[in-house]
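One structure is given below, encoded as structure tokens.
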Amino acid sequence: MDQPLAGKSIAILVANGFEELEMTEPQRALLKTGATLRTISPEQGLVNGWHGKSWGHYFPVDKQVGEVLGADYDMLLLPGGERSVTKLQQSAHTRRIVGHFLDAGKPIAAIDQGIQLLAIPGKLKGRTLAAPEAVRAELEAAGGKISDEALVVDNVTITALGHDELAAFVEQIVKVFSEAAAVRKAA
């Protein structure tokens, strides 16, 4: 069984109200690659997903956002969910962790509103992103270039607009994260 991400640690950054499928679908696929996934959140104990038009399931939180460093992880997944993203944006710890991944050139996958967490001033220079209309100006102000495509892979940064792109997003996460792991292993 091929496990290209064995030994790699992936942080999933969420708060209450994250889009459940935008976390669980990539999570399932990444577990099959041998990756270790950790749920990072400002919540204590459990974090509550959003599924469809109502609250979804509870998921265990592995570490609180203030207790971790970006250096603790090899890759980062940023699911959407308006409530989750709004809460995460209010945290300096979120900016510190996401900023580390952007500065270090580590793989990041962001979907839907999760893309908004990449809008850290000066950190997106030269990166092309898919972005919801509502956050395009904010991402451009941070140095990002916005594509009209619904799914964009720019080196090790993967962005997708939402549920319609979820299957392709998951496929690209596995591909890009696996390639990045192979490159780092060879270096």
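The values are calculated or read from the model by the stated rules, or taken from the named source; none is laboratory data. Just so we're clear, the structure is a prediction, and the values are computed from it rather than from any experiment. Every residue, glycine as well, gets a Cβ built from its backbone with ideal geometry; the counts of neighbours run over all protein chains shown. Each accessible area value is taken on the protein alone, full model and side chains, heavy atoms only, with ligands, DNA and RNA left out. Shrake-Rupley method; radii C 1.70, N 1.55, O 1.52, S 1.80 Å.
Among (1) open to solvent by 20 Å² or more (accessible area, probe 1.4 Å); (2) assigned to a loop (DSSP other than H, G, I, E, B), which single condition is LEU124 missing?
Evaluating LEU124 over (1) open to solvent by 20 Å² or more (accessible area, probe 1.4 Å); (2) assigned to a loop (DSSP other than H, G, I, E, B) leaves (1) as the failure.
Among the strands (runs of 3 or more DSSP E) confined wholly to the stretch 28-111, which include 1 or more residues that are over 15 Å from PHE18 (Cβ atoms) and not basic (Lys, Arg)?
By residue number, 36-41, 75-78, 108-111.
Pairs only if they're at least six apart or on different chains, beta carbon under 6 angstrom, first in the stretch 114-127 and without any contact (Cβ under 8 Å) to a residue 40 or more places away in the chain and within 15 Å of SER84 (Cα to Cα), second aliphatic (A, V, I, L, M) and buried (at least 21 other Cβ atoms within 10 Å of the Cβ); list them, first residue then second.
GLN116/VAL85
Within the stretch 130-137, is there a residue that is part of a strand (DSSP E or B), touching a residue at least 12 places away in the same chain (Cβ under 8 Å) and over 16 Å from MET23 (Cβ atoms)?
Yes - at least one qualifying residue is present in the stretch 130-137.
Could you count how many residues in the stretch 152-185 are modelled with pLDDT of 95 or more, open to solvent by 50 Å² or more (accessible area, probe 1.4 Å) and over 18 Å from GLY122 (Cβ atoms)?
7
How many of the residues in the stretch 4-60 are among the acidic types (Asp, Glu), open to solvent by 20 Å² or more (accessible area, probe 1.4 Å) and touching a Phe, Trp or Tyr at 6+ places or on another chain (Cβ under 7 Å)?
1
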